[in-house]
Every structure is written in structure tokens, then in C-alpha cells.
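In what follows, a single structure is set out as C-alpha cells and then discussed.
Where a number appears in this text, it was derived from the coordinates with a stated rule and is not lab data. A quick note: this is a predicted structure, and the numbers were derived from the prediction, not measured. We place every Cβ from the backbone using ideal geometry, glycine too, and count neighbours over all the protein chains shown.
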Amino acid sequence: MEDWAEIRRLHRAEGVPIRAIARRLGVGRNTVRRALAAAGPPRYRRAVKGSIVDVVEPQIRALLADWPTMPATVIAERIGWDRSLTVLKERVRQLRPLYAPPDPVSRTTYLPGEVAQCDLWFPPVDVPLGFGQVGRPPVLVMVAGYSRVIAARMLPTRTGEDLLAGMWTLLAGWGGAPKTLVWDNESAIGAWKAGRPQLTAAAQAFRGTLGIAIRLCRPADPEAKGLVERANGYLETSFLPGRSFTSPADFNGQLGDWLPVAAGRWHRRIEARPADRWATDRAAMVASPPVPPVVGWHRLIRLPRDHYVRVDANDYSVDPTVIGRWVRIDADLEQVRVHCAGRLVATHPRCWARNQSLTDPVHAQAAAALRQQHASRPQTAVDAEVQVRDLAVYDRLTAAEAAA
């Protein structure tokens, strides 16, 4: 999955030729061509094997904690390492930055289309979710590095399905994708494990389809995404005060009306208005792929007798005439749709409240008619042979036992 995604990024974002990609990644040119021609990510991925260095990593970390600059050869001597020095040096190279002394940084400048920083903002305001419930759903915030244009949208949840759907919605609104998306250690996107960043399979598929990179910040490194952190504060101090919201749709509507106003204001750091730099930023981004990434909720189940399907924390009714058949559930940020053999058998607005059962009146009427039809059907031979025990028998047995 990772090689497939990197091949597409190098070709789409960097313009690297097929032969150069094959040489750089150590794969065949036919492998590169297949990855570029594929409409989606590979179905299977070989599990990553452990390293012989894993056993001694705690000892390496202990030495680096006290002596961050200790050479790898000295570390090998201290821990009694008698295996390949190459793999040990590679692990030390990965771990050393975690224990190196702080290094002050200068201001960072960004090229057009180069990067966008992403984060989740949790507005300190209660939003009505329906069914008498209120909550504080997350808001996905994305800031383009060169222009400082902000895109944002409230999401039902912070699950991977909704998070990637929100990212695609914002990027589709931009009409392109920056070459790199910077994320904190959000579990739905990925995390640092064993000294290296590891994206989830869904995030790898997402970035591979777009042909871009997703970079995870190191733990405890808030400066790495200062742009979006400041944007969160800007939203909280300039957008939120004095507003009230009747629903998540109302929140997104007001936010969508306000963001162009924010893009037209003077930005002191870049000495320009974000809107004035947007055309240059947008022109340098990676074009949207011909086949959009697969995002949202997708499941294939056999419809149970109660003819409801679950998405996130809610149940949605389905046409009861397809009970017992396989149905496909597709849900995004707006709607829940259910198909059976290519036919649409249910569509509902996405519910933001939790633990609710959403019933289409048409489905309820159809279920009532089927139950009535089943109850009034003629008695079959099998039904006639079934005896029904007279409950008075149990009363007589109980009385007899009491008398004894």
C-alpha cells in the first residue's frame, strides 16, 4: 500500500518519470505502470515483519536519553551487539532525534501548492443535534501554507470514515490538493510507532488516490503545525463570539459564509490578503484525480427481520421487502443510502444525534402490510399439526404438588 501510494505521489505531485521511480523505489517498471493505472489501492498488503533490533531498542533508548550524541558503534559495544551493524545504525538514526537537545527554528516559508496543515477544532459551544440532544462535534480545519486560506467544516464524528470524507469535501471545494497534508497524531490518520510515523490503511489509500503525501508531526511538537493552531484560535475569537446555532447545518452554513470574509482580511505575516494569493496557490496544487477516493461508511450486510441498518450510533429503516437479502450501505456526511441489487431501498438524512432509530413512514407502512398479510395467510398442513398446550394443565399439576 505504501509503495503504491508513494509511486502515485512521485508521478502526480513531483512529475518523476516511471524509470526514475522504479530506480528510486527498487521496483520494476511494470509495477510502477500498474500502480499508476490502478483506479484504487491494492486489496492486500503484506504484513511488516519485526526487526532484530526491536529486542534491544529499550537499551538504545536508555543510552540516548543520557547521551544523545553517542555514536552507533559505541552503542553497539555497550549493549553487546554482535549482529548486523547496518540495521542497528538505522534504528539509532530513527531514535536519536527523539533525544537530541532542542534546536531553535527560524520562520518557515511555503511554496505555492506545497503544503496544507490540518487539525480538529472543538468549538466551546453547544450545538443542537436533534432529538433533544446537544453536543460539540469536531470541526475539521485546513490551512493552505502559501496563501493562508482557511477551509473548515463541522463533522458528525472524528472517526476515520467521517474524517477522510471531510478532507475530501474540503479538497474538492479547493479544486485540488496540496502536495503534502500535515497532521498531528490523530488516530484515524496515523501515529508514531517504534520511532517512525505509520499511516492507517485508509489514509494510505486516500493519499495514494490523490497522489500526495501525508506527514505526521512528531509527538509533543505543536510548532510543526502552528498555522492551523493559530487558525483555530482565530476561529474561536473572530467567528464564534456573538453567534448561536440551531443545528450542525446552520453552523456549517454560517461558517461557509464567514470564511470568504476571513480570506479577504489583511494577513500580517504574509503582508497580503489570503484571497489575493489563492490563485497562485491553487494553480500549483495537484489536480483532483479522475476517480475520487473512497471515503465515508461502506458495508455489505444481510438485512435482518427488523429491516434496520446501523451507521455509527444510529439505526435507519430499509424497505422490508428485501429482508434476508444482501444490501449495501453507503453513508457520507449528509446522507445514508442503502441499495439492494442496484436498487435504492432506503435514503435518510445523516443523523447527528446518537442512539436513535430513524424510520421512513413508507417503510413502516410496508412492514405493517407484510405483517398483516402474514397473519391472515391460510393455515398450512404444518401449522395444523402443531399442538398448543392447555395452560390449565400446569395449574392442575401445581395444585397436585401443593396438596402432596
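Tabulated values for the structure
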| read-out | value |
| --- | --- |
| Region 112-264 - charge dipole about Cα centre, Lys and Arg +1 at Cβ, Asp and Glu -1, debye rounded to 20 | 380 |
| Förster radius 51 Å - calculated FRET efficiency between residue 192 and residue 373, Cβ distance, rounded to 0.05 | 0.30 |
| Between 0 and 90°, nearest 10: helix 85-99 axis offset from the chain longest Cα axis | 90 |
| Charge sum, other residues only, whose C-beta stays under 11 Å from residue 355's C-beta, Lys/Arg counted +1 and Asp/Glu -1 | 0 |
| Debye, to nearest 20: dipole size of the chain, +1 on Lys, Arg Cβ, -1 on Asp, Glu Cβ | 1760 |
| Surrounding net charge for residue 8, when Lys and Arg each add one and Asp and Glu each subtract one, Cβ distance under 13 Å | +2 |
| Fluctuation leader among 117, 373, 356 - the chain, Gaussian network, Cα springs under 10 angstrom | 373 |
| Local electrostatic count at residue 312 - Lys and Arg +1, Asp and Glu -1, tallied over other residues with Cβ under 14 Å | -1 |
| Read-out log10 I(q)/I(0) by the Debye sum over Cα atoms at q = 0.06, 0.09, 0.13 Å⁻¹, derived from the coordinates shown; its label in (i) -0.53, -0.82, -1.14; (ii) -0.39, -0.74, -1.24; (iii) -0.26, -0.60, -1.27 | (ii) |
| Close Lys-Lys pairs in the chain, where close means Cα under 27 Å and separation is 8 or more or interchain | 6 |
